[in-house]
Amino acid sequence: MIFGKTKLELKVGIFVFIGIIILIMFVLFIGDFSTWGTGYRINIVFKFINGVKIGAPVRFAGVDAGEVKSIRLHFVPEEQVTKVTLTCLLRREALVPRDSTVWVNTLGLLGEKYLEIIPGRNYADCLKVGDTIVGNDPVPMHEVFELLEGMAEKLDAGISEVSSKKGTIGKLLYDDSIYNEVEALVKDLRLHPWKIFWKTKEKPVKR
């Protein structure tokens, strides 16, 4: 009885051990991205990252090629500005030229934030482990709203000007004299089409 119980516990132990190994392998390889020396880290510096979080995807040439591993704030005394450094882990095969363009993108209108890398052309100078590249800062939403508000104010002012018969468009819409002049000009050209090609001779200047 004791031997049978020991044998059963051994089988259960082996089964649990195999399950743990499978679980660890699944965690390490989830997302088709292994952490066992197959990637390299680079740094991307921004002034504003618009809500990018640790674990956010990094796309290279439109393909998921890595993820954000850490986010660090640091003050630059020379420029008197606070910057954000994102450390990203990329696949080995994702060779990033130093002249590549990096910016924060969004999945949908209000979706997840991720980093988009558009490859440059100079593959003779690619980023190496620990290298840094400067990203393009996204436009803050409050600046977008301010721009839209300014455009709306200008539109309202233009509509008010037209309604009050001011400006070129207002005069064209409400001033009958302009229509009368244009109509008279059209009638004259119909009766005398040769005037289109007629040029007034300049009188010589007397000295």
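If you add up the charges near Val76, with Lys and Arg at +1 and Asp and Glu at -1, over every other residue whose beta carbon is less than 12 angstrom from its beta carbon, what do you get? Present the calculation step by step, with values, prior to reporting the outcome.
Working: positive: Lys47, Lys83; negative: Glu78, Glu79.
Every neighbour counted, the sum reads 0.
Of the peptides 181-191, 47-57, 119-129, how do they stack up when ordered by the mean number of other Cβ atoms within 10 Å, highest first?
Working: 181-191: 10.3, 47-57: 15.5, 119-129: 12.4.
Going from most to least packed, we get 47-57, 119-129, 181-191.
Rounding to the nearest 20 debye, state how big the charge dipole of region 32-138 is about its Cα centre with +1 on each Lys and Arg Cβ and -1 on each Asp and Glu Cβ. List each step's numbers first, then the result.
Details: 13 positive and 12 negative charges, 37 e Å.
For region 32-138, the charge dipole is close to 180 debye.
Give the long-range amide H neighbours of Val96: residues separated by 5 or more places, or on another chain, with amide H under 5 Å away, using H modelled in the peptide plane at 1.01 Å from N.
Leu127
No lab work stands behind these numbers, since they all come straight from the coordinates. It should be emphasised that the depicted structure is a prediction, and the values quoted were computed from it without experimental measurement. Neighbour counts run over all protein chains shown; Cβ positions are idealised from the backbone, glycine included.
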